[in-house]
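The structure under discussion appears below in the form of structure tokens.
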2 protein chains.
Amino acid sequence: MKKNTGAQLALYPAPVTVVGAMVNGKPNWTLVAHAGVMALSHLMLSMVKAHYTNQGIRENKVVSVNIVDASWLKEADRMGCISGNKEDKSEAFAYTIGEKGAPMIDAAKVSIECEVEDIYDLAGFDNFICKITGTYVDEEILTEKGKVDYRKFKPALFQFPTYEYLETGDILGPCMKMN
Amino acid sequence: MKKNTGAQLALYPAPVTVVGAMVNGKPNWTLVAHAGVMALSHLMLSMVKAHYTNQGIRENKVVSVNIVDASWLKEADRMGCISGNKEDKSEAFAYTIGEKGAPMIDAAKVSIECEVEDIYDLAGFDNFICKITGTYVDEEILTEKGKVDYRKFKPALFQFPTYEYLETGDILGPCMKMN
């Protein structure tokens, strides 16, 4: 029996990411899990306007989305606890600059570099509409065909209602071939 | 060592949902995993314009997002294999009409009802900007405080690169308290 619990957020679990951008000439990082694929070419990143990182994204129109796994979850989590408005986070991670100029975290096995095409303004959030320009993947988690292998790569996942991280579990089956 | 694999989609795994809407007076359903939370109040659903379901969403501005778990994954998967343009899907699921008029799947332990406030047009996709109006949750997966309990509820997850479904795994730790 289902009960209407009100307008509860419940589209989870979702991959945890650390979003990176250059702000005033230095890399800055923030924790983001409210994001999604748009069309087959873009990402939407929903980030409260007050974030220091947002300033750099608005200015440079380039951003990285670094997918978190258990190996660096603790360091990623810290990026949600401190603000770049108050503390310099530029030393938090070893990083590499992507082809478009976004700082990408070396510890992340997958870093997606994007150009920001638009900002959809909603309820105090910048919802960045980002065109994916490059997906940088650790060679050890690529399939023979060059795709990300989620049998080897296990992103950490986030859920908002009771505020915990979860593991990516095992394979349930092939899409569009379950019948 | 990371390698640039091109503009590969890699923000996964993501919850699999079946989106429901009334189309020409009957419920219709389609499989959607390209979605995300916007602000703390909305969902973005990215759905190719040709979907039959999109007609009903554009017309009625009301939609349901039904979170899939392993118990009905096979039935959900079928909604991605057949098109409402060719086949009547109205008998596919037992359903209940929500307060705003969207059909919600009884087998889903979580169904989110939304009003569509806007459509962001991109690359042949309707990206529906949906205000959450009610979250209907099976009482057996609610915490004492009325939140969805992801220790009990294990959504099925989707990944695009090699096109498989995955399980939601175990708890890794509390958010913002890993340090």
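Miscellaneous remarks
- Within region A:88-96, not a single residue is in contact with a Phe, Trp or Tyr (Cβ under 9 Å, 6 or more places away or on another chain), surrounded by 24 or more Cβ atoms within 10 Å (Cβ to Cβ) and more than 13 Å from every other protein chain (Cβ to nearest Cβ).
- The residues on offer are A:Asn54, A:Asn66, A:Asn28, and the sole one that is modelled with pLDDT of 95 or more and part of a helix (DSSP H, G or I) is A:Asn54.
- Number of the condition not met by B:Glu139 [criteria: (1) surrounded by fewer than 18 Cβ atoms within 10 Å (Cβ to Cβ); (2) modelled with pLDDT under 95]: (2)
- The set of residues in region A:101-127 that are in a loop (DSSP other than H, G, I, E, B) and over 18 Å from B:Ala10 (Cα atoms) comprises A:Gly101, A:Ala123, A:Gly124.
- Qualifying residue in region A:106-123 (condition: touching a strand residue (DSSP E or B) at 6+ places or on another chain (Cβ under 7 Å), within 10 Å of chain B (Cβ to nearest Cβ), surrounded by 23 or more Cβ atoms within 10 Å (Cβ to Cβ) and more than 27 Å from B:Thr168 (Cα to Cα)): yes
- Residue list for region A:66-87, restricted to those being surrounded by fewer than 20 Cβ atoms within 10 Å (Cβ to Cβ) and in contact (Cβ under 8 Å) with a residue 60 or more places away in the chain: A:Ala70, A:Leu73
- Test set (1) outside any helix (DSSP H, G or I); (2) within 11 Å of chain A (Cβ to nearest Cβ); (3) at pLDDT below 95 - B:Gly80 fails condition number: (1)
- With respect to the conditions (1) more than 14 Å from the chain's Cα centre (by Cα); (2) within 12 Å of chain A (Cβ to nearest Cβ); (3) modelled with pLDDT of 95 or more, B:Glu59 falls short on a single one, namely (2).
- Residues being modelled with pLDDT of 95 or more, among the aliphatic types (A, V, I, L, M), surrounded by fewer than 19 Cβ atoms within 10 Å (Cβ to Cβ) and assigned to a loop (DSSP other than H, G, I, E, B) - total across region A:154-179: 0
- The set of residues in region A:125-141 being over 15 Å from the mean Cα position of the chain (by Cα) and more than 7 Å from chain B (Cβ to nearest Cβ) consists of A:Glu140, A:Ile141.
- Considering residues of region A:1-53 that are under 14 Å from the mean Cα position of the chain (by Cα), more than 9 Å from chain B (Cβ to nearest Cβ) and not polar (S, T, N, Q) only, the residue surrounded by the most Cβ atoms within 10 Å (Cβ to Cβ): A:Gly20
- Residue match in region B:170-179 (condition: within 19 Å of the chain's Cα centre (by Cα) and of a type outside the set (A, V, I, L, M, F, W, C)): no
- The number of residues in region A:152-179 being in contact (Cβ under 8 Å) with a residue 60 or more places away in the chain and hydrophobic (A, V, I, L, M, F, W, C) comes to 6.
- Breaking point among (1) touching a residue at least 40 places away in the same chain (Cβ under 8 Å); (2) touching a helix residue (DSSP H, G or I) at 6+ places or on another chain (Cβ under 7 Å), for B:Val148: (1)
The values are calculated or read from the model by the stated rules, or taken from the named source; none is laboratory data. Computed from a predicted model, the values in this text were never measured in an experiment. Cβ atoms come from the backbone with ideal geometry, glycine included; neighbour counts cover every protein chain shown.
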